[in-house]
Amino acid sequence: MNHDFEYYNTLLVQSVGGKVGPIAPTITPSAAYGYADAQEAEGIFSGEVNKPLYARVGNPTNAKLEGIVAKIEGGFGAIATASGMGALSMVTTALLKSSDEILCVGGFFGGTYTLVNETLKRFGISNSFCTINDFDYMEQKLSEGVKMVLLESVGNPSLRLPDLKAIADLCNRYETLMVVDNTATPLLVRPLDLGADIVVHSTTKNMSGNSTALGGIAVFRAVKEEGDKLLNEKYADVHKFVKKAGKKAFIPICKKRAIRDMGMTANAFGSFLTMLGLETLALRVERINNSVAKVAAILEESLPEGIEVNHPSLAKSEDHARYLSDFSNGCGPLLTLECGTPERAFRLLNNLKLATLTANIGDNRTLALHMQSTIYSDFDEEARRFNGVTEGLIRVSIGLEDPEAIAEDFLQAAEAV
């Protein structure tokens, strides 16, 4: 289902704000909660009574945020976490076990790549990688019984655009869970509508927008009472949750098989700050995505020889056709600059006056960073290449500033190189 920005502008302010009593969302900072009597305590722990149990498995402020983001994504429910990596860690550890395999489609943000290729591997969960259009390989791995397919809605920093619907159709045919990191594209893409099972976000990025609140969230579709892919034999270890919890089964699966024991829970103050960011999310996403295309076009026209801009809105992009067909409102705040060498990239970055040098994305401010020497500094050459990182690559996250002023800053910095 497609919604325009006016729909989200109305939905978000009406969902975050209250009409009676406090207008702003309230913060519940308590770590523990009192139960009325022993019977209520029993009901809360069994899941039959819907009241706070203990803050590690959720609190009322987190619940408010979860309900809003579930509406944004068209999901049935959500779980807020301490960070975007917390959301990914929760989902993967709750649904995978030793001897399982995860199929990774396209290049990844550095933390996601190391989670899959180093941390999960240490616990016996194997992986395989393929490019976004290698459907033969995807089908081969799915037919062999991989347990989960993981991909980003927009490659960070590769900017590759996967065909989410085609990949979801394939996963559904083989009854395999599909998880999409939608951090770069809230409101722009709704993977659950396209057939995905779980969507994760680093809410630190676009949703917050102001670098005040570290956080993450996972949003889940409803589980079907009959014929759901979770009832496939390869997911036998979670069947008891499906039988007991029905359509909300993803929630207890993640809470009882990850959150409860590993504690990647969001805190109330962070969730409060994130909700303040959500009130202006639609305004910011619309402006920033318009600005990205404008900045890319100006840079494409005026950058000096030896420095190239990359963004799917440009006709030269290998994913330009998919950008036009599937990303009509944009594909997030990122564009990249290829400077050829680290030395040229460093000189350009050091000459910037408007942009902030930092590792975040999706901020109200324009941000920039050299990839190889920072986030991907521990990666070998093969891993960097797969993730779209070259020696001279600069990732830029466009902010709310005047797009002409942003482009002018990068042009003057490039001229000084």
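The values are calculated or read from the model by the stated rules, or taken from the named source; none is laboratory data. It should be emphasised that the depicted structure is a prediction, and the values quoted were computed from it without experimental measurement. Don't worry about glycine lacking a Cβ; one is built from the backbone with ideal geometry, like all the others, and counts go over all protein chains shown.
Listed here are the residues, each with its yes/no results for (1) among the acidic types (Asp, Glu); (2) out of contact with any strand residue (DSSP E or B) (no Cβ under 8 Å at 6 or more places or on another chain); (3) over 30 Å from Ala236 (Cα atoms).
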{"residue": "Val16", "(1), (2), (3)": "no, yes, yes"}
{"residue": "Lys19", "(1), (2), (3)": "no, yes, yes"}
{"residue": "Gln39", "(1), (2), (3)": "no, yes, yes"}
{"residue": "Lys51", "(1), (2), (3)": "no, yes, no"}
{"residue": "Lys71", "(1), (2), (3)": "no, yes, no"}
{"residue": "Ala82", "(1), (2), (3)": "no, no, no"}
{"residue": "Leu95", "(1), (2), (3)": "no, no, no"}
Residue satisfying all of: in segment 58-76; under 19 Å from Val180 (Cα atoms) and charged (D, E, K, R); surrounded by the most Cβ atoms within 10 Å (Cβ to Cβ) among these = Glu73
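Looking only at segment 334-378, which residues are among the β-branched types (Val, Ile, Thr) and touching a helix residue (DSSP H, G or I) at 6+ places or on another chain (Cβ under 7 Å)?
Thr366, Ile375
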Mind checking which residues of segment 177-225 are in a loop (DSSP other than H, G, I, E, B) and of a type in the set (Val, Ile, Thr)?
-> Thr183, Thr185, Val189, Thr203, Thr204, Thr212, Val223
Out of curiosity, is Asp100 free of Cβ contacts under 8 Å to residues at least 12 places away in the same chain and either touching a Phe, Trp or Tyr at 6+ places or on another chain (Cβ under 7 Å) or not basic (Lys, Arg) (or both)?
-> no
Among the residues of segment 252-278, which ones are surrounded by 19 or more Cβ atoms within 10 Å (Cβ to Cβ) and not in a helix (DSSP H, G or I)?
-> Met264, Thr265, Ala266, Asn267
Only listed residue being among the aromatic types (Phe, Trp, Tyr) and more than 23 Å from Leu188 (Cβ to Cβ), chosen from Phe135, Phe108 = Phe135
Would you check if Glu401 is within 25 Å of Asn133 (Cα to Cα), at pLDDT 95 or above and surrounded by 16 or more Cβ atoms within 10 Å (Cβ to Cβ)?
-> no
Determine if segment 113-136 includes at least one residue that is at pLDDT below 95, in contact with a helix residue (DSSP H, G or I) (Cβ under 8 Å, 6 or more places away or on another chain) and of a type in the set (Ser, Thr, Tyr).
-> yes
